[in-house]
Amino acid sequence: MKLSELKTGEKGIIVKVLGHGGFRKRIIEMGFIRGQEVEVLLNAPLQDPVKYKLMGYEVSLRHQEADNIEVVSADTPFEATTFNLATDSNRHEDDYIRHEAMKERRTINVALVGNPNCGKTSLFNYASGAHGHVGNYSGVTVDATEAHASMFGYEFNLTDLPGTYSLSCYSPEELYVREHLTEKMPDVVINVIDSSNLERNLYLTTQLVDMNIRMVCALNMYDEFERRGDQINLDTLSTLFGMPMIPTSFKSGQGVKDLFRAVIQVYEGTSKFSRHLHINYGHEIEDGISHIQKYLKADEHITQHYSTRYLSLKLLEHDSQVLEYLGNHMAGEQRIQDFRNLTTERDKASARVKEETGSDSETAIMDAKYGFINGALKEADYKTGHKKDTYKATHRIDGLLSHKYLGFPIFFFLLYIMFQTTFTLGQYPMDWIEEGVQWLGEKISEGMTDGPLKAMLVDGVIGGVGSVIVFLPQILILYFFISLMEDSGYMARAAFIMDKLMHKMGLHGKSFIPLIMGFGCNVPAVMATRTIESRRSRIITMMILPFMSCSARLPIYIMIAGTFFSLQYRSWVLLSLYAIGIVVSVVVSKIFSSLVIKGEDTPFVMELPPYRWPTPKAIWRHTWEKGKEYLKKMGGIILVASIIVWALGYFPHNEDLPREQQQEQSYIGRMGKTIEPIFTPQGFNWKLDVSLLAGVGAKEIVASTIGVLYSGDDSFGDDDSFSDDTEKYTRLRQMMLNEGITPLAGYAYLIFILLYFPCIATIAAIKHETGSWRWASFAAVYTTVVAWIASMLVFQIGSLLI
């Protein structure tokens, strides 16, 4: 709890002091150190400030200052068994409370900060056992992820922050990271660095140094660093940067224990390398910093949350977010005048820098940072070796995969291989699962008397859930290939080769990464648009993401394609759906960028990491995590939806009517007949219409709805014209053909499934990322309109040609 939460007369034991720089130092010097008892003596008439007693003297603090001091209340429930008082008569309640305070003290809040693709999430997963998404391209971590780890008697609350190249206000993830560091105030920051790109990665380190936060550097991929023959004196580098530099390799776990041991030492103040460091930016910039700091240091709220030196540098860089923050904070007539003086001082300093260096102050600060990095690396005897060039193999592979003419054919060939393998290899386990589902349905049918319960279990639960769970092997195979492409670094190349096309669409090259992620699931893909600097490109990308076929649609594709098309054509049908989704997204994004959402775009700058062979453990983890999510849906939303669809199709029940007439007169039949005219131009029947309504919640429900509505009907079982045993879905095909659903209508149905209303979760994600229900509602409506038009054109034009 916070010290400010203690009431008059209550006591507490200090756990830790939060805050930054001078504020934290002043509070500790006043005696607010861990393990000390503090008592609330008196609240001022207006409840602020508050008088406290500690170390035999009295001191007053404001509430906002007391908010930065964590304590354990002296009224903490006394648990003799926990403290083992029964065996030690010298122990007493005060000792127990101090013990609890020290236990709380041993909980360290750690934030992971680093460039994209440096290995933060790998460390996060290795240390905590969590299963965050790891990929060999930027933008994988699109939100802060939290987990827990225990080592050396300490507890670590780990927060994996989005990858960022700097702490400017250029992109959303940069703002997100620095706001987390200033608002959440982690005890220690682990700055993860790619050892193969020291100079580039250390630029972010210098910005963290400016923030004056306690830090440890993890030099990741150090095994590659050594294999290449690179050399550096880590003790010297640690001393120059004022923080421990620990060599690590999160793939194998090398150095992880040393890293967390260093975190503990920095936290406890026992690290020999930790020191307060000021990077020298030259006379004019340093002079400007000191003049600006005078106005900032006068505000205690600012000094609690920010390093005034850091804010001064950001003002000299003309950081719009910092300027806005200070403008909003400095309210009141006198404070407004202070803000004006502050900006005047900033402008004077910027003008002096321009006059002396010939560069604007932002460029001069960046040059000084790289100058410091270069000098530190030279002082630490940094030498690059030539034993094994990490990028040598990468350049050879890129010569083929990113080739001007071969890049696109190879990309689509890989997609074809992925789909063909998904069908052929997944066919065998799919047959086994289907046989198991059929056997279970027969056993339950034989062992129960006729009635609603039997019908619900056989037609609802087994018919619905079973019709979806059989596609688990295909889902696992598909995610295996996606994980392989992500972890190897090929996804980043896909963005590279698609940049020109993206630009012609009015999008940013980075838009391709969320679009590719959309093939897995649209929700994280929408969140991944945060890596796109341009708000215009970000919104357009979110608007066209629903056209990317998420894995939830795959069971429907396989069901309908397997029903109407032979094995050799199924992969082409799926490939055509993915291609149509891409073509539609191209057309729509061009329309949006030209007519709806206008504005300037930002340059395409994206790291192309070296190709790395993914570890089997990582591939298996990613694949299984997705499979587990799929199974959870089976036992959750799919099960509930299947029972609801069965109930709507079963009631009101009349045993004297044939099954088809019973369904048509049921509640779901009436619903379907009501909306049937809307989809007549597409050649659908009422059962397909109802399944489309069910798919609004989750696309998997479409397959389960079809499974329920077409389960248990044996009226066409003896038709010899469809007795080919090699045809996977002979029975379903037979039933659909007899109801007037042709292969052309089936394909039009797939087109509608591809393009129409994204699931509720995607709509919610769009609302969250845009901050507006207007864009979310627009996405829901316009995608459905596009789907209706496209599927109608496919069926009507196809009917004329066939």
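Is it fair to say Thr303 is crowded, with 16+ Cβ neighbours inside 10 Å and closer than 29 Å to Lys184 by Cα?
Yes: the conditions hold for Thr303.
Yes or no: Glu356 assigned by TED's automatic domain parsing to the domain that holds Gln293, surrounded by 14 or more Cβ atoms within 10 Å (Cβ to Cβ) and either without any contact (Cβ under 8 Å) to a residue 12 or more places away in the chain or more than 29 Å from Gly242 (Cα to Cα) (or both)?
Working: assigned by TED's automatic domain parsing to the domain that holds Gln293: yes; surrounded by 14 or more Cβ atoms within 10 Å (Cβ to Cβ): no; either without any contact (Cβ under 8 Å) to a residue 12 or more places away in the chain or more than 29 Å from Gly242 (Cα to Cα) (or both): yes.
Here the answer is no, as Glu356 does not meet what is asked.
Conditions tested, residue by residue: (1) farther than 30 Å from Asp656 by Cα; (2) β-branched (Val, Ile, Thr); (3) not assigned by TED's automatic domain parsing to the domain that holds Ser711.
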residue	(1), (2), (3)
Ser402	yes, no, yes
Met418	yes, no, yes
Thr424	yes, yes, yes
Gly436	yes, no, yes
Ser445	no, no, yes
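Tell me, yes or no, whether the range 327-335 has at least one residue that is at pLDDT below 85, of a type in the set (A, V, I, L, M, F, W, C) and more than 38 Å from the chain's Cα centre (by Cα).
no
For the range 450-474, which positions are among the β-branched types (Val, Ile, Thr), under 18 Å from Leu574 (Cα atoms) and surrounded by fewer than 23 Cβ atoms within 10 Å (Cβ to Cβ)?
None - no residue of the range 450-474 is among the β-branched types (Val, Ile, Thr), under 18 Å from Leu574 (Cα atoms) and surrounded by fewer than 23 Cβ atoms within 10 Å (Cβ to Cβ), so the list stays empty.
Read through the list (1) touching a Pro at 6+ places or on another chain (Cβ under 9 Å); (2) at pLDDT below 85, then give the number of the only condition that Ile108 fails.
(2)
Which one is surrounded by the most Cβ atoms within 10 Å (Cβ to Cβ) among residues in the range 112-147 that are at pLDDT 80 or above and of a type in the set (Phe, Trp, Tyr)?
Only one residue tops the list, namely Phe124.
Would you pick out the residues in the range 758-783 that are among the polar types (S, T, N, Q) and either touching a residue at least 40 places away in the same chain (Cβ under 8 Å) or in contact with a Leu (Cβ under 8 Å, 6 or more places away or on another chain) (or both)?
Thr762, Thr770, Thr783
Would the range 274-285 turn up any residue that is under 27 Å from Glu65 (Cβ atoms) and among the β-branched types (Val, Ile, Thr)?
No: the range 274-285 contains no residue that is under 27 Å from Glu65 (Cβ atoms) and among the β-branched types (Val, Ile, Thr).
From Gly669, Gly697, Gly707, grab the single residue that is among the small types (Gly, Ala, Ser), farther than 26 Å from Ala765 by Cα and either without any contact (Cβ under 8 Å) to a residue 24 or more places away in the chain or not in a helix (DSSP H, G or I) (or both). I'd like the intermediate steps shown before the answer.
On the way: Gly697 fails: farther than 26 Å from Ala765 by Cα; Gly707 fails: either without any contact (Cβ under 8 Å) to a residue 24 or more places away in the chain or not in a helix (DSSP H, G or I) (or both).
Answer to the check: Gly669.
Go through the range 645-677 and count every residue that is hydrophobic (A, V, I, L, M, F, W, C), surrounded by fewer than 19 Cβ atoms within 10 Å (Cβ to Cβ) and farther than 19 Å from Gly451 by Cβ.
So the count comes out to 2.
Among the residues of the range 758-787, count how many are closer than 17 Å to Lys699 by Cβ and in a helix (DSSP H, G or I).
Residues that pass the stated criteria total 13.
Quick one: Val192 ticks every box in (1) within 15 Å of Gly114 (Cα to Cα); (2) assigned to a helix (DSSP H, G or I); (3) under 22 Å from the mean Cα position of the chain (by Cα) except a single one, so which number is it?
(2)
In the range 364-381, what count of residues is obtained for those that are among the small types (Gly, Ala, Ser), part of a helix (DSSP H, G or I) and surrounded by 14 or more Cβ atoms within 10 Å (Cβ to Cβ)?
4
Just the residues that are among the acidic types (Asp, Glu) and part of a loop (DSSP other than H, G, I, E, B), please, taken from the range 446-492.
Hit for the range 446-492 is Asp450, nothing else.
Would you mind stating whether Ile591 is modelled with pLDDT of 85 or more, surrounded by fewer than 20 Cβ atoms within 10 Å (Cβ to Cβ) and part of a helix (DSSP H, G or I)?
yes
Among the listed residues Gln321, Gln304, which satisfies the condition of being in contact with a Gly (Cβ under 7 Å, 6 or more places away or on another chain) and not assigned by TED's automatic domain parsing to the domain that holds Glu174? Reasoning before the result, please.
Values: Gln321 fails: in contact with a Gly (Cβ under 7 Å, 6 or more places away or on another chain).
From the options Gln321, Gln304, the qualifying one is Gln304.
Within the range 176-192, identify whether any single residue is surrounded by fewer than 18 Cβ atoms within 10 Å (Cβ to Cβ), of a type in the set (Phe, Trp, Tyr), in contact (Cβ under 8 Å) with a residue 24 or more places away in the chain and more than 22 Å from Lys272 (Cβ to Cβ), and answer yes or no.
yes
Could you check Lys251 against (1) assigned to a helix (DSSP H, G or I); (2) surrounded by fewer than 20 Cβ atoms within 10 Å (Cβ to Cβ); (3) within 28 Å of the chain's Cα centre (by Cα) and say which number it fails?
For Lys251, the exception is condition (1).
The values are calculated or read from the model by the stated rules, or taken from the named source; none is laboratory data. The shown structure was predicted, so the numbers you read here are calculated from the model rather than taken from an experiment. A quick note on method: Cβ atoms are made from the backbone with ideal geometry, for glycine too, and the neighbour counts reach across all protein chains shown.
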